[in-house]
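Comments concern the structure below.
The values are calculated or read from the model by the stated rules, or taken from the named source; none is laboratory data. Small disclaimer: the values here were computed from a predicted structure and weren't measured. Note: ideal-geometry Cβ built from the backbone for every residue, glycine included; neighbour counts use all protein chains shown.
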Amino acid sequence: MAFLGAASVSVVISALIIVSLLGEAISFLGQIELDQLTEIGWFPRRGLYDISTLIVGSLLVTALAMLVATPLGLLAAIYLSEYARPRVRRVLKPALEILAGIPSVVIGFFALAFISPEIVKSVFGDASLFNLAAAGLGVGVLIIPLVASISEDAMRAVPSSLREASYGLGARKVTTSVRVVIPAAVSGIVAALIVAVSRAIGETMVVAIAAGASGGSLFTLDIAGGGQTLTAAMASLATGTDQVKGASAAFQSLFFIGLVLFTITLILNIVADRFVRRVRQRY
Amino acid sequence: MTLADSEIRIEVADRDRDPDPVIEPSSTVFEVADLSVYYGSFRAVRDVSVNVAEHEITAFIGPSGCGKTTVLRCFNRMNDLIDIARVEGRISYHGADLYDPAVEPVEVRRRIGMVFQKPNPFPKSIYDNVAFGPKVAGIKGDMDDIVEQSLRRAALWDEVKDRLRSSAMGLSGGQQQRLCIARAIAVDPEVLLMDEPCSALDPIATARIEDLMQEIKDRYTIIIVTHNMQQAARVSDRTAFFTTEVNEESDTRTGVLVEFDRTEQLFSNPADKRTENYITGRFG
Amino acid sequence: MAAPVAIAVERRLKSGRADVKGVAFHALLLLSLLITLGILFTLVYEVVQTGFGVLTDRGSDFLTSTLSANPANAGVWQGLKGSFFIALFVIVFAFPVGIGAAIYLEEYASDTRVTRFININIRNLAGVPSVVYGLLGLAIFVKYLGGLTGGRSVMAGGLTLAVLVLPIVIITAAEALRAVPSGLREAGFGVGATRWEVVRSHVLPYAAPGILTGTVLSLARALGEAAPLILVGAISRGFFATSGGGLIDELQGKFTAMPMIVYGWASNPDVDFREGLASAAIIVLLAVILTANGAAILLRNRYERQR
């Protein structure tokens, strides 16, 4: 049946992803010495492949992003789900959807042109123009709508009979929202946060534009300075400054990073899916 | 009754209950006069006038759509939660106007509790369900004691005393409803409103709850909405029969109170033909 | 007798403590919303303020010029062309396959382990970072199928984005199909129609608005993606001449797309590129994407109200 064929295409794609990543990644690992993986920094053209530099960079950006997006996204979700009147919802939800539709290149531009000079500079006086903080804040802005919409879905799924029970006992709105609805929706909220983390780790353009360090980066924890993440390193390897072709180790490191990234996000997405399933089960 | 006596009665009602209350001759808890409820421009129920007496079970019966639940929800201002709901007429609670603009619905609901049609325990532990109301109301005191006492009064303690920390969702339907009753009693209300509390339960669970109602009648005033006539006949002291009237112009139905009397009287010798038709024409 | 009791009761009912927590929480919620919306407005304002000047100066010349080293001459024409072709590839490859897969999963497949595996697989694919799809595109469409696609070409880019968007098309189409009331199907079967006839004449028309909304949103997503295109070799820095040849040469030759131009210009050391031109390009890009998103939202609202 033609439709079955269409559905199987998805399986083929997954297989291809895994195969192509694994193939080149293994070839890469075969070409280098293992201690090159723990050298002082990530400088592929010089044969330094410290993957932990990239992982830490990704974690710093992600942590900052979640610091921004978790409160703003959750509070927006609570407001939309529990407080907003229908007329207000009709304006707010599309506004959030517009924010969600803004491409990451635009957020990257915003991070470099505005967040870095205006916000990061005012906090860290000595920050360079390109820094991980601006990238982190930018990614945070990017994922606010994601946190908000998944959390809001989880809260709206809480049956109104529970709210009625709470009001019937003499609780006010804030108590009902915070002590009944949110605990009941916690699986969905956790899922929202995990999905957001996965998206933040996988975000490329904001970091590529705003975090600098495209030639490579030393292992760093300084968010006021430039840095590399898994994703931006991949972009660098494929373009301009780091562009290398052919079957060299530097080129194949691209696939090695891709494999690491794919594995991390796959695990996160599977865990998030478990939480979403738990929400559906309960009601 | 002097001012001091009446003050004391309210004090007693609000704080610690006398474990062996003296049954005084029934006084009126609620006086409802010419109550109408509107949803937007639609009048759902009109001109209801009843008196609810203390320590009695008052039943509202009638066909579906006649406004019994709507009226019930007026007693604890639950209709406030619906934007377009509007109440006309007067409900007084011990003489005070329940719908006075300065009255806090939260204070009303701590004295007038509600049990809903479908059991709706929170997805928390049994303990946390019962303790929720008292904690929110800021009631000090040994929470363990309050929880135990409420569960005992709801005839559920023996079944759950060894698993208070387990999830309420693991209980059977009948147990969950008794848990909801325990939860409502935990804030020590004066009145319990019960909206078809047994309609989602099997006959055995229903019988247990009906027995429970008789047991707790001494401590609380109960108003129950039920579509089950025999339940009303078995359980209540007074019964109000509602029916619907068709509005010709708008092709809608408005609920109306037909008759309100002592239960034996209403069932054996109904004053209104409509009551008689309902009682004789429909069984269960 | 009623009065003293009534007074005492009334006093209690009105004695409520002020809802300090409630008011503070409400204020917190509004504040956070204000911040979020404020960010959105600041972003739009920044971009428009910086880029509007360029657009008014250059007018349509900006849209018809090619990339150039000279900011005064540079335009987004090649990006518009590239994005257009990418859109074509997405529509031609992702939509039929995606909708077909959704039809299979919702209308034909029974709940077997294979079906569940396919569903899990699709959900996982939807969560894969776009840059990894770029790797896939690089390995398969640029290298392995290089003879067919011409290597680092818009064909490779378009196919890569079609693959990226496919899981989203499947998921949204499946949701639209699930929303069709089963009574509709049962009525069709009741008169003896085959499964395909029921799907074609009952289910699909009902689900069409939802499916359409999903596909438009997917397209808008594809048009905004840059990471996969970087990996596939789209040009972002400098400039290139489009070959004079026919359509096939065009599809197989060097290319760029709107998001890539934004990326290139935003990273350019020259401040004219980095600020004015990048903003102007963003305005053009946002105009396209927000129009698509807005259309999809309006479509969805209109059809939801019709139900």
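Just to be sure I understand, how many residues within the range C:246-267 are more than 14 Å from residue C:220 (Cα to Cα) and either aromatic (Phe, Trp, Tyr) or within 11 Å of chain A (Cβ to nearest Cβ) (or both)? So the answer is 9. Residues that are out of contact with any strand residue (DSSP E or B) (no Cβ under 6 Å at 6 or more places or on another chain) and of a type in the set (A, V, I, L, M, F, W, C) were ranked within the range B:78-106; the one that is surrounded by the most Cβ atoms within 10 Å (Cβ to Cβ) is B:78.
The condition (being within 14 Å of chain B (Cβ to nearest Cβ), of a type in the set (Asp, Glu) and surrounded by fewer than 18 Cβ atoms within 10 Å (Cβ to Cβ)) is satisfied by just one residue among C:19, C:111: C:19.
Residues of the range C:22-76 that are within 9 Å of chain A (Cβ to nearest Cβ) and surrounded by fewer than 14 Cβ atoms within 10 Å (Cβ to Cβ): C:23, C:24, C:30, C:31. From the list C:173, C:187, the lone residue that is surrounded by fewer than 21 Cβ atoms within 10 Å (Cβ to Cβ) and either small (Gly, Ala, Ser) or out of contact with any strand residue (DSSP E or B) (no Cβ under 7 Å at 6 or more places or on another chain) (or both) is C:187.
Step by step: first the residues of the range B:143-202, then only those that are part of a strand (DSSP E or B) and touching a Phe, Trp or Tyr at 6+ places or on another chain (Cβ under 7 Å), then the one that is farthest from residue B:109 (Cα to Cα). Which residue is that? Taking the candidates together, the pick is B:195.
Here is a yes/no grid of residues against (1) under 15 Å from the mean Cα position of the chain (by Cα); (2) more than 30 Å from residue C:66 (Cα to Cα):
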{"position": "C:201", "(1), (2)": "no, yes"}
{"position": "C:204", "(1), (2)": "no, yes"}
{"position": "C:218", "(1), (2)": "yes, no"}
{"position": "C:268", "(1), (2)": "no, no"}
{"position": "C:278", "(1), (2)": "no, no"}
{"position": "C:287", "(1), (2)": "yes, no"}
{"position": "C:292", "(1), (2)": "yes, no"}
{"position": "C:303", "(1), (2)": "no, yes"}
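Each row is one residue, and each column tells you yes or no for (1) in a helix (DSSP H, G or I); (2) within 17 Å of residue A:262 (Cα to Cα); (3) at pLDDT 80 or above.
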| position | (1), (2), (3) |
| --- | --- |
| A:16 | yes, yes, yes |
| A:25 | yes, yes, yes |
| A:37 | yes, no, no |
| A:42 | no, no, no |
| A:45 | yes, no, no |
| A:55 | yes, yes, yes |
| A:58 | yes, yes, yes |
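Applying the criterion of being over 8 Å from the mean Cα position of the chain (by Cα) and more than 7 Å from every other protein chain (Cβ to nearest Cβ) to the residues of the range A:193-207, the residue that is surrounded by the most Cβ atoms within 10 Å (Cβ to Cβ) is A:206.
Checked against (1) more than 14 Å from chain C (Cβ to nearest Cβ); (2) surrounded by fewer than 22 Cβ atoms within 10 Å (Cβ to Cβ); (3) in contact with a Leu (Cβ under 6 Å, 6 or more places away or on another chain), residue B:121 passes all but condition (2). Considering the range C:138-155, and only residues there that are within 14 Å of residue C:231 (Cα to Cα) and small (Gly, Ala, Ser), the residue that is surrounded by the most Cβ atoms within 10 Å (Cβ to Cβ) turns out to be C:153.
State yes or no: is residue A:178 farther than 22 Å from residue C:25 by Cα, within 13 Å of chain C (Cβ to nearest Cβ) and part of a helix (DSSP H, G or I)? For residue A:178, the condition - farther than 22 Å from residue C:25 by Cα, within 13 Å of chain C (Cβ to nearest Cβ) and part of a helix (DSSP H, G or I) - is not met. Please verify whether residue A:73 is touching a residue at least 60 places away in the same chain (Cβ under 8 Å) and closer than 28 Å to residue A:258 by Cα, treating the condition exactly as stated. Against the criterion (touching a residue at least 60 places away in the same chain (Cβ under 8 Å) and closer than 28 Å to residue A:258 by Cα), residue A:73 does not qualify. Inspect the range B:216-234 for any residue being in contact with a Cys (Cβ under 9 Å, 6 or more places away or on another chain), among the polar types (S, T, N, Q) and within 27 Å of residue B:38 (Cβ to Cβ) and give the result as yes or no. Among the residues of the range B:216-234, at least one is in contact with a Cys (Cβ under 9 Å, 6 or more places away or on another chain), among the polar types (S, T, N, Q) and within 27 Å of residue B:38 (Cβ to Cβ), which makes the answer yes. The residue that is surrounded by the most Cβ atoms within 10 Å (Cβ to Cβ), among those in the range A:105-117 that are under 25 Å from residue C:83 (Cα atoms) and more than 7 Å from chain C (Cβ to nearest Cβ), is A:111. Only one of the listed residues (C:123, C:116, C:152) is at the interface with chain A (Cβ under 7 Å from one of its Cβ atoms) and either of a type outside the set (Val, Ile, Thr) or in contact (Cβ under 8 Å) with a residue 40 or more places away in the chain (or both). That residue is C:123.
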